[in-house]
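Contents: one structure, followed by commentary.
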Amino acid sequence: MTLVPGFTGSPLDRRDAIRHDAGALAAFAADPRALLLDLDNYEPHTGAAGELGWIPLPPLPDDERIFLGTLGDRPRFVRLDPQAPAARRTESLMAIIEALPAGEAATYAAARSLLDWHARHRFCANCGFATVPIRAGWARQCPNCGTEHFPRTDPVVIMLAQRGAGEEAEVLVGRQAAFPPGRYSALAGFVEVGESLEEAVRREIGEEAGIRVGAVRYLASQPWPFPSQLMIACVADAESDAIILDAQELEDAKWVTRAQVRAALARTDGAAFLPPPSYAIAHTLFSLWLEQHKQ
Ligand SMILES: [Zn+2]
């Protein structure tokens with residue numbers, strides 16, 4: 001059982017200062033030890049131990065090279081194809097991600113979200129002019145109106161409503177129709193403009209399951225690279241019990257006990273539900289709730 005959220009813990013040193021230093025960046029690109037992340041249409045090639053593959057950095061135009069940072073004192077880049085379509089999430093990719101060692105998935109996630117953002121943001125949101133990469137690939141700028149555009153991260157709250165205390169405590173889980181058979185997870189939803197995290201948690205639980213919640217506690221977060229969310233995991237104190245399902249959002253929702261969550265995470269035969277995959281923060285959230293909410 002891991003308490004470290006998936007897609008976190010990259011060993012890369014991002015070297016932010018280098019992004020603004022054209023001379024240092026050129027020296028890194030010319031370094032014979034420089035490496036390029038080995039991707040095939042957004043899917044990483046992996047080595048014998050399941051680690052990310054890197055190849056010697058080939059000659060590339062400046063605007064087709066994103067500087068990811070350094071690792072083991074070697075400059076690391078990823079290729080930005082100006083014509084690449086936006087990324088899609090495939091079953092083969094998810095199988096690769098499930099097998100990546102800790103930290104490697106985080107490096108991949110950062111590179112993927114950046115590439116995908118470039119593919120989806122080629123035009124200025126202010127004036128519609130075609131934009132160009134700047135800051136070593138960590139932003140774009142409009143040559144017409146000068147506006148700078150930065151990679152976006154969309155906040156999503158993911159949460160467990162809790163009722164009761166100690167070993168008798170229960171949490172609310174739900175399943176979407178698209179989930180694999182038997183899977184239940186924490187409820188989740190995008191934070192809307194003009195809303196705090198606490199307000200988003202209360203609104204989402206109320207909308208999706210009709211449960212009223214009071215105090216909200218933050219537990220952990222993770223970047224989610226499909227395409228670029230920040231998942232913010234919380235536990236909220238339930239102030240009502242009766243579930244009123246929003247059938248547009250959820251196929252089912254139910255209260256589960258600590259023993260049932262423990263059995264689900266352990267993948268015990270006959271467990272009350274199938275848990276989310278280990279790289280999803282919902283999995284971490286269940287684990288943290290078992291660990292931290294013993295009273
Ligand atoms: Zn513009």
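Just so you know, all these numbers are worked out from the coordinates, no wet-lab data involved. Quantities reported herein were computed from a predicted structural model and do not represent experimental measurements. When we count neighbours, we look across all protein chains shown, and the Cβ atoms used for this are built from the backbone with ideal geometry, even at glycine.
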* Asked: Does at least one position in region 154-162 carry a residue that is farther than 15 Å from Leu250 by Cβ and of a type in the set (Gly, Ala, Ser)?
  -> no
* Asked: Checking Asn144 against (1) touching a residue at least 60 places away in the same chain (Cβ under 8 Å); (2) closer than 30 Å to Ala26 by Cβ, which single condition isn't satisfied?
  -> (1)
* Just give me the residues in region 206-242 being β-branched (Val, Ile, Thr) and under 21 Å from the mean Cα position of the chain (by Cα), in sequence order. => Ile232, Val235
* Structure fact -> Counting only residues in region 175-187 that are more than 13 Å from Phe286 (Cβ to Cβ) and of a type in the set (Gly, Ala, Ser), the one surrounded by the most Cβ atoms within 10 Å (Cβ to Cβ) is identified as Gly182
